[in-house]
């Protein structure tokens, strides 16, 4: 067996990178990859953290030998919120849960989802028309988050929403910020310090309060649906039937709902934000997108996938701005990947953001160019240098819904409105579990 160790910063170099890793990990990790390559050792001493940016290794980790590389304790920072839900469960529990809830994400559920989207688009158009009439600026990112929160909750949980989207968005920002790369690093340092002093580290009260906001919302929805079952959404209907049959406890229903809120709307909202930002900051791309969607019937759940150029715009957005920018796996045994030997219990840091911007796999990787997906092999093949939804058995269960929502929104709004963004280049992004802008994404709108 090879004893080769991946390259990486020395202890002194790592300390020089450390402030950047805390406060701007996207840029700093990119610099580290440019210097050390696609497989990098991070940290020093007994640390066993490896940045994996190698497509062949990712195929093994995510697909061909995925059982040897589970998520393990990589989500412990948000375990208080996720419980034993789909995104945090170990493989055996996960596979049962995924099989159970998969019908709610199947294309057969798209007609019902489309009705919800149409309702919400009607309300959104009224809002956009008011902004167009007054010339008032608005935060586009926050608008997309509110929109996707309502669509997700109405479609999957209940048609009757009694919740303030901003309260949920702010609670999630607090939680995902706590689990961000920099904050997680500081948490590890604090836990080590507390342990050396014989004390136990506790999750900060502010974080727990944010989790309680989501817990309270879920229980309100659940109690309302038990009283008014006709309002039940597709996802929740499956879970309630299982609970009423005694096959799962109510606690699992709550956990699964919190998992969907955690990862089910923020990601699509970010992808929508950067899709529109990119389209309307590139006149040539706007022209091609508008020509394609104007030449078709109004979008519906059947024809929205017959927009090849718009699909490429979505793919390119997810390449440059993958909402879930990083995730982790753990080695369960000594492993050899890309010729390097990794000890048991090593943390494997996998970043779609980094691999999507690697010049090893992409020409002019920083350029927004939907045409790069015209290549037949790249369009049809399963490539591990493009993993906006992960890959392998643990690929995101909501990827089909997300693509449908993105295409539908673009096809519906691009022919009707012109958006002008205050910034022509993307602002600095905050790398929580999900990326978001470090400042409001201000825009103005005019009707076409």
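Nothing in this text is a laboratory measurement; each read-out follows from the coordinates by a stated rule. Bear in mind the structure is a predicted one, so any value in this text is a computation, not a measurement. Ideal geometry is used to build each Cβ from the backbone, glycine not excepted, and the neighbour counts take in all protein chains shown.
Values computed for the structure shown
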read-out	value
Region 314-353 shape via C-alpha gyration tensor axes, a/c threshold 1.5	prolate
Segments 85-94, 256-265 sorted - mean Cβ within 10 Å per residue, highest first	256-265, 85-94
Spacing of the two label points (7 Å from each Cα toward its C-beta) at residue 230 and residue 303, in nm	3.3 nm
Highest to lowest packing among 109-116, 196-203, scored as the average C-beta count within 10 Å	109-116, 196-203
Segment residue 193-residue 115, extension gain: residue separation times 0.36 nm, minus the distance between their alpha carbons	22.8 nm
Distance between modelled label sites at residue 200 and residue 374, nm, 7 Å Cα→Cβ extension	6.1 nm
Average Cα contact separation per residue, the chain, under 8 Å, 6 or more apart, as relative contact order %	26 percent
log₁₀ of I(q)/I(0) at q = 0.13 Å⁻¹ - region 320-402, Debye sum with one point per alpha carbon	-0.52
Theoretical gain in end-to-end length, residue 442 to residue 383 [0.36 nm per residue, Cα-Cα removed]	17.8 nm
Considering only region 11-447, percent of DSSP beta bridges that pair antiparallel, nearest 5	80 percent
Spatial separation of Cα centroids for region 142-187 and region 225-262, in angstrom	19 Å
Within a Gaussian network of the chain (alpha carbon springs, distance under 10 Å), most fluctuating of 417, 386, 178	417
Modelled FRET efficiency - R0 41 Å, residue 332 with residue 22, Cβ distances, 0.05 increments	0.90
Shape parameters for region 1-128, alpha-carbon atoms, Rg then Dmax in Å	21.1, 65
Rounded if a/c under 1.5, otherwise prolate or oblate - region 258-314, Cα gyration tensor axes	oblate
Ordering of 324-332, 346-354, 19-27 by packing [mean C-beta count within 10 Å, highest first]	346-354, 324-332, 19-27
The chain: most fluctuating residue of 392, 43, 295 per GNM, C-alpha cutoff 10 Å	295
Candidates 146, 125, 71: whichever shows maximal mean-square fluctuation once the chain is modelled as a Gaussian network with Cα springs under 10 Å	125
Whole-angstrom gap from region 102-117 to region 295-370, using each part's C-alpha centre	24 Å
Segment residue 63-residue 344, extension gain: residue separation times 0.36 nm, minus the distance between their alpha carbons	99.2 nm
Normalised alpha carbon radius of gyration of the chain [divisor 2.2 N^0.38 Å]	0.98
Global form of region 79-191, assessed from the alpha-carbon gyration tensor, a/c cut-off 1.5	oblate
Distance in nm between pseudo-label sites at residue 95 and residue 363 (7 Å out along the Cβ direction from Cα)	4.2 nm
